[in-house]
Amino acid sequence: MSNIALIPARSGSKRVPNKNIRILENDPLIAHTIKPAIESRLFSKVIVITDSEDYAKISRSYGAEIPALRPIETATENAPDILWVKWIHDLLIKKNVIAEKYAILRPTSPFRSLETFKRAFSLFDKNSKIDTLRAIQKVSEHPGKMWVEKCENIVPLLPFCNEKDFWHNSQTNTLPQIYIQNASLEIFKASNIYKYNSITGQNIIGFKTKGIEGFDINTESDFNEAKKIIKSF
């Protein structure tokens, strides 16, 4: 049984076309995930999950494996992760490859380091009852201060209270810290897939990313910011 890295890289990105193979500091974006995953030596396999033969060829050149191209129905814009995770899990079992844990490493987060992987696995392995580890970071704007329109009025997004008043009437520094997940990594037990029909399971631990570890590229401005970050380092 082993740890296997899964790098999902479908070819249909709309906001930044072909962003997964777009060049960032001399290498395609996806290489910035493949290389540290291989160098970490934490994974018995580093597999790219793609629907594109071009993506597959580039990924192989950096050392990743592509057992097969993912089915079209798992690569649509609205397809949930569990579809392609089940597909690759079943495919690996047919090839007598049994995973204990999977790590999803999305290529849009190019600033993970070897230390990132080691911290994450160390945290996950400390508690055998944990089903999933998910990367998180503090929100920049507290949802307790957010509102939604309802008819002609606005109502609190989260109608919660603390000991003294509603969240939306309280000082932000008195509210509980809120985290948002980022795309840098997820680690989960392979048994979650059919036990819960989910990658998440029930017992989830948060992995607090540091600095640029959780940086995620979704837009042209994000890509430009990534270029600036690399130059600054």
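The values are calculated or read from the model by the stated rules, or taken from the named source; none is laboratory data. This structure is a prediction, so every number in the text was calculated from the model and none was measured. In this analysis, Cβ positions are derived from the backbone assuming ideal geometry, glycine residues included, and neighbour counts consider all displayed protein chains. Accessible surface is based on the protein model in full, side chains and every heavy atom, while ligands, DNA and RNA are left aside. Shrake-Rupley method; radii C 1.70, N 1.55, O 1.52, S 1.80 Å.
Some points to look at:
- Tallying residues that are in a helix (DSSP H, G or I) and within 22 Å of residue 44 (Cα to Cα) within segment 65-105 yields 13.
- Considering the conditions (1) among the charged types (D, E, K, R); (2) part of a loop (DSSP other than H, G, I, E, B); (3) farther than 23 Å from residue 223 by Cα; (4) within 18 Å of the chain's Cα centre (by Cα), residue 115 is excluded by exactly one of them, (2).
- Residue match in segment 3-10 (condition: at pLDDT 95 or above and open to solvent by 50 Å² or more (accessible area, probe 1.4 Å)): no
- Among the candidates 58, 72, 66, 47, residue that is within 19 Å of residue 187 (Cα to Cα) and either surrounded by fewer than 13 Cβ atoms within 10 Å (Cβ to Cβ) or modelled with pLDDT of 95 or more (or both): 47
- Number of the exception - residue 183 against (1) part of a loop (DSSP other than H, G, I, E, B); (2) in contact with an Asp or Glu (Cβ under 6 Å, 6 or more places away or on another chain): (1)
- Residue satisfying condition, being in contact with a Leu (Cβ under 8 Å, 6 or more places away or on another chain), touching a residue at least 24 places away in the same chain (Cβ under 8 Å), open to solvent by 50 Å² or more (accessible area, probe 1.4 Å) and not β-branched (Val, Ile, Thr), within set 95, 118, 86, 35: 118
- When segment 183-193 is filtered for residues that are modelled with pLDDT under 95 and surrounded by fewer than 20 Cβ atoms within 10 Å (Cβ to Cβ), only 183 remains.
- Residue tally, condition assigned to a helix (DSSP H, G or I), in contact with a Phe, Trp or Tyr (Cβ under 9 Å, 6 or more places away or on another chain) and closer than 15 Å to residue 185 by Cα, over segment 1-34: 2
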